[in-house]
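The values are calculated or read from the model by the stated rules, or taken from the named source; none is laboratory data. These numbers were taken from a predicted model, which means no experiment stands behind them. Note that each Cβ is placed from the backbone with ideal geometry, even for glycine, and that neighbours are counted across all protein chains shown. Note: areas computed on protein heavy atoms with side chains; ligands, DNA, RNA excluded. Shrake-Rupley method; radii C 1.70, N 1.55, O 1.52, S 1.80 Å.
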Amino acid sequence: QVRLVESGGGLVQAGGSLRLSCAASGSIFNINAMGWYRQAPGKQRELVAHITSADNTNYADAVKGRFTISRDNAENKVFLQMNALKPEDTDVYYCRVVTLHNDYWGRGNQVTVSS
């Protein structure tokens, strides 16, 4: 059984930084892409950042220049370094791992940025 375990969320003041981590455990093979999404209550889940197996990255316009996604292929982990955080970054952040045959999601991790 595959599990995605997220960590690193919490409360931070505007302008501060947080680093999210997501570790994939279990029988997981052929990871193609990994990513972070976020969702506010009553809104659709949206892409924050995405990284492919070739380390190509893609970011939402709202976070470009402030957030950096990276991955550790040996450990099946993906990270999101979030700098210069803004109150509008407050959301539940979800990790996603896409393999050749499956699509896995974490349970979500709250990030709250106070003004």
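Which value, in debye to the nearest 20, gives the size of the charge dipole of the chain about its Cα centre, when Lys and Arg are +1 and Asp and Glu are -1 at the Cβ? Each step should come with its number before you reach the end.
Working: 12 positive and 10 negative charges, 24 e Å.
It comes to approximately 120 debye.
Given a 1.4 Å probe and every protein chain left where it sits, what share in percent of the accessible area of the chain is carbon and sulfur?
Taking all protein chains in place, the chain shows 45 percent carbon and sulfur surface.
Stick to Cα atoms and the Kirkwood definition of Rh, then tell me Rg/Rh for the stretch 60-115.
1.01
What aspartates and glutamates sit close enough to residue 43 to cross-link, taking a C-alpha to C-alpha distance under 15 Å and skipping anything fewer than 8 places away on the same chain?
Answer for residue 43, where 15 Å is the Cα cut-off: 88, 89, 91, listed by chain and number.
Along the Cα-to-C-beta direction of residue 115, a point sits 7 Å from the Cα; which residues of the stretch 82-101 have their amide N less than 13 Å from that point?
Residues passing the 13 Å test: 86-90.
Among 86-96, 51-61, 69-79, how do they line up by average Cβ neighbours within 10 Å per residue, starting with the highest? Walk me through the numbers before you get to the answer.
Working: 86-96: 18.6, 51-61: 13.1, 69-79: 16.8.
Most protected by this proxy first, the peptides run 86-96, 69-79, 51-61.
Tell me, what is the per residue accessible area of the stretch 66-115 in Å², probe radius 1.4 Å?
Numbers: 2510 Å² over 50 residues.
Dividing the accessible area of the stretch 66-115 by its residue count gives 50 Å².
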